Amino acid sequence: MINYKCYTVLMKHKIIIGNWKVNPITLAEARRLLRSIRRTAQDLKSTKVVICPPFVYIPSALSARKSEVIVGSQDVYFENQGSFTGEISPLMLKDLGVEYVIVGHSERRKMGETDEDVAKKVRLLLEDNIKPVVCVGEAEHDQAGLYLDTLKNQIKNSLAKVQKKYARNLIIAYEPIWAIGAKESMDPKIIHEMSLFIKKVLSDMFGHDEALSTPVLYGGSVNFRNAGDIISRGEVDGLLVGRESVNGPGFTELLKAVDSI
Ligand code: PGA
């Protein structure tokens with residue numbers, strides 16, 4: 001039986017990932033937002049901040065000479081080079097200095113991305129030494145508990161091409177689809193249960209040690225008011241934040257709240 005107790009305290013940093021989606025709509029606004037996040041990030045003691053802006057803002061986001069904010073991407077293609085009009089490859093992102101890439105977000109899955117596509121992206125990112133933030137989550141939290149099978153299958157299929165030696169570079173973002181863009185987040189007590197379930201699936205796939213060292217984040221209607229509670233009672237390793245990550249004052253408060261835990 002896995003002993004997950006004390007696991008979160010062993011982890012040095014909480015990880016807060018801001019998914020800006022298609023916001024803001026000008027580079028000037030993106031720069032302003034990033035400046036305010038950087039100012040806050042430099043005083044954080046135990047919180048790692050990753051910002052995933054739209055592709056076009058990535059070079060600017062990476063241009064700061066000294067910054068505590070890590071830059072990530074919201075998606076990537078599953079080939080490194082070739083005739084794939086309109087796509088952006090892992091090696092291109094790596095060359096810019098991108099360290100994290102969100103894959104399999106439910107908004108991309110809704111546009112047709114499959115577990116198979118996600119698995120190809122995850123494999124390539126790991127081979128290219130970029131950390132994939134793999135989004136998983138059920139559409140419905142049904143009474144019969146079928147969502148557990150859905151989630152398990154999604155994790156297994158999305159990570160099907162991961163070799164055990166790379167498993168420690170994975171990050172899992174648990175985002176129940178019904179909680180994204182909603183009024184309220186999931187109850188932290190249930191978030192805790194779900195994160196343990198995810199750890200168990202990871203343990204069955206890659207082993208106990210790998211499961212323990214893989215951060216599991218929560219995402220879905222996180223804001224500065226509920227973030228602290230989700231981290232402490234939900235016992236997750238971090239948060240994937242949508243709307244609140246483009247609200248400068250709200251995100252600043254969120255970072256401070258999380259860091260104070
Ligand atoms: P939200 O989005 O925080 O606006 O609910 C989360 C996400 O889509 O990752």
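Since every read-out is calculated from the coordinates, none of them should be taken as a lab result. Worth saying up front: this structure is predicted, and the values here are computed from it rather than measured. Cβ atoms come from the backbone with ideal geometry, glycine included; neighbour counts cover every protein chain shown.
Over segment 112-175, the fraction of Cα-Cα pairs per 10 Å bin, rounded to whole percents and listed from the shortest bin up, is 22, 51, 22, 5, 0. If Lys and Arg each add +1 and Asp and Glu each add -1, what is the summed charge of the other residues whose beta carbon sits under 10 Å from the beta carbon of GLU87? So the environment of GLU87 carries a net charge of -2.
Shape index of segment 64-181: Rg/Rh, with Rg the Cα radius of gyration and Rh the Kirkwood radius from the inverse mean 1/r over Cα pairs, equals 1.00.
Let a ≥ b ≥ c be the square roots of the eigenvalues of the Cα gyration tensor of segment 1-132; is it rounded (a/c under 1.5), or, if not, prolate (a/b larger than b/c) or oblate? In terms of gyration-tensor shape, oblate.
Based on the Cβ-Cβ distance of GLU193 and SER83, what FRET efficiency does E = 1/(1 + (r/R0)^6) give at R0 = 51 Å, to the nearest 0.05? The pair GLU193/SER83 has a calculated efficiency of 0.65. When the chymotrypsin sites (Phe, Trp or Tyr not before Pro) in segment 9-100 are filtered for DSSP coil states and for at most 13 other beta-carbon atoms within 10 Å of their beta-carbon, the remaining sites are PHE84.
Of SER106, PHE84, GLN74, which is farthest along the charge dipole of segment 67-109 in the positive direction, counting Lys and Arg as +1 and Asp and Glu as -1 at C-beta? Of the candidates, SER106 comes out farthest on the positive side. With viscosity 1.567 mPa s and temperature 4 °C, the Kirkwood radius over alpha carbon pairs of segment 177-261 converts through Stokes-Einstein to a diffusion coefficient of 97 µm²/s. Take the Cα radius of gyration of the chain and divide it by 2.2 N^0.38 Å, N being the number of residues; the result is 0.94.
For a test of the definition: using alpha carbon positions, the gyration tensor, and the 1.5 limit on a/c, classify segment 72-129 as rounded, prolate or oblate. The shape class here is prolate.
Placing a label point 7 Å from the Cα of PHE55 along the Cα-to-Cβ direction, the residues of segment 87-103 whose backbone N falls under 11 Å of that point are 87-90, 92-93. Can you tell me how segment 215-261 classifies by the Cα gyration tensor, rounded, prolate or oblate, using a/c under 1.5 as the rounded cut? Note, shape of segment 215-261 comes out oblate. Give me the Kirkwood hydrodynamic radius of segment 31-84, using the inverse of the mean 1/r over all pairs of distinct Cα atoms, in Å to one decimal. Taking the inverse mean of 1/r over all distinct Cα pairs, segment 31-84 comes out at 12.6 Å. Panel values: segment 160-210, Kirkwood radius from alpha carbon pairs, Stokes-Einstein at 37 °C and 0.692 mPa s, translational diffusion coefficient 262 µm²/s.
When the alpha carbon coordinates of segment 112-261 are projected onto the principal axes, the ranges are 40, 38, 32 Å, largest first.
Stretching ASN247 away from LEU91 to a fully extended chain increases their span by 53.1 nm, per 0.36 nm per residue minus the current alpha-carbon distance.
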